[in-house]
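Values in this text are rule-based calculations from the coordinates and carry no lab data. Predicted, not measured: the structure shown is a model, and the values here were computed from it. Every residue, glycine among them, receives a Cβ derived from its backbone with ideal geometry; neighbour counts consider all protein chains shown.
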Amino acid sequence: MATALRRITPLTAFLTILLTTSACDTPSPAPPVKPSAQGTVATDAEPSDASATTSSASPEVVGPAPADLHDVDWANTPVSGEFCGVPGLVRFDTKGEARATSTVWGPVRIRSGTEVLYGDTDGDNRDEAVVYVGCDDNGRTQNTQIAAGYVVYGHAGKNLVVIGSITPRQKGGTYPTALAGAEFAPGRIIVHEKWYRANDPHCCPTGDATTVWTREGSGLIPGDPRITS
């Protein structure tokens, strides 16, 4: 496939956590993986810090991968909890939710999104996949969301692996910055963010920014966010 920059349609529900678990219609879903028990997280990983740069030192193997990641059954595929400070892989229950303990926020609920973005960043003519996820404080406050992320998947041989987690980098206002879409280019992923100015209401962030995440080795490294409006 061409390696030129490709525009990917922005996520249409960037301000809320999507509540369904439907994934892309797939004629040949990937074989099921074997993570921890449904709705829980694995316990054999070292704790992570959600405030740190979110990248993977080495790919985390999720399970076997089809030749084309468009064929993955995303509703039944674990995600990395790194974006929310949760160690290991998270597997959702039938409602698309999982409860876990964050090293940053304590008890949290992680929810899956319904849209998956695809693009080739390493020039192997096979798309990587970006899956939207979010987490809240499990109902302890009025917060609908305390963190959001894109979990990036790719191939490592015949395996499906987590390349890294992408989180918003532009900070501002009282509410957390939202992810609003991504573009793929050789060696990088350009992420669009919506951030809150001081007087913005909860419904309507008015700030726009982009952050370029660069593929370095087997991980992702963020650049500085660039405010575009």
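Computed extension gain for residue 145 through residue 70, at 0.36 nm per residue and net of the alpha carbon distance, reaches 24.2 nm. Modelled label positions at residue 122 and residue 227, each set 7 Å beyond Cα in the direction of Cβ, lie 3.7 nm from each other.
Between residue 61 and residue 199, the simple spin-label model (points 7 angstrom out along Cα→Cβ) gives 5.6 nm.
By counting other Cβ atoms within 10 Å of each Cβ, how are 153, 175 ranked from fewest to most?
So the residues, fewest neighbours to most, are 175, 153.
Is the range 60-227 best put as rounded, prolate or oblate by its Cα gyration tensor, with a ≥ b ≥ c the root eigenvalues, rounded for a/c under 1.5, and otherwise prolate when a/b is larger than b/c, oblate when not? Note, shape of the range 60-227 comes out oblate. In this simple spin-label approximation, residue 156 and residue 95 carry label points 7 Å from Cα along the Cα→Cβ vector, and these lie 3.3 nm apart.
Here residue 216 and residue 171 are evaluated by their C-beta separation; at R0 = 22 Å the FRET efficiency comes out at 0.40.
Shown is the FRET efficiency for residue 208 and residue 104, computed with R0 = 22 Å from the Cβ-Cβ distance and rounded to the nearest 0.05: 0.25. Looking at the range 87-122, which trypsin sites (Lys or Arg not before Pro) are DSSP coil and have at most 15 other C-beta atoms within 10 Å of their C-beta? Those that pass, being in a loop and sparsely packed, are 95. Charge tally around residue 98: other residues with Cβ under 13 Å, Lys/Arg +1 each, Asp/Glu -1 each, net +2.
Rg and Dmax over the alpha-carbon atoms of the range 76-125 stand at 13.3, 41 Å.
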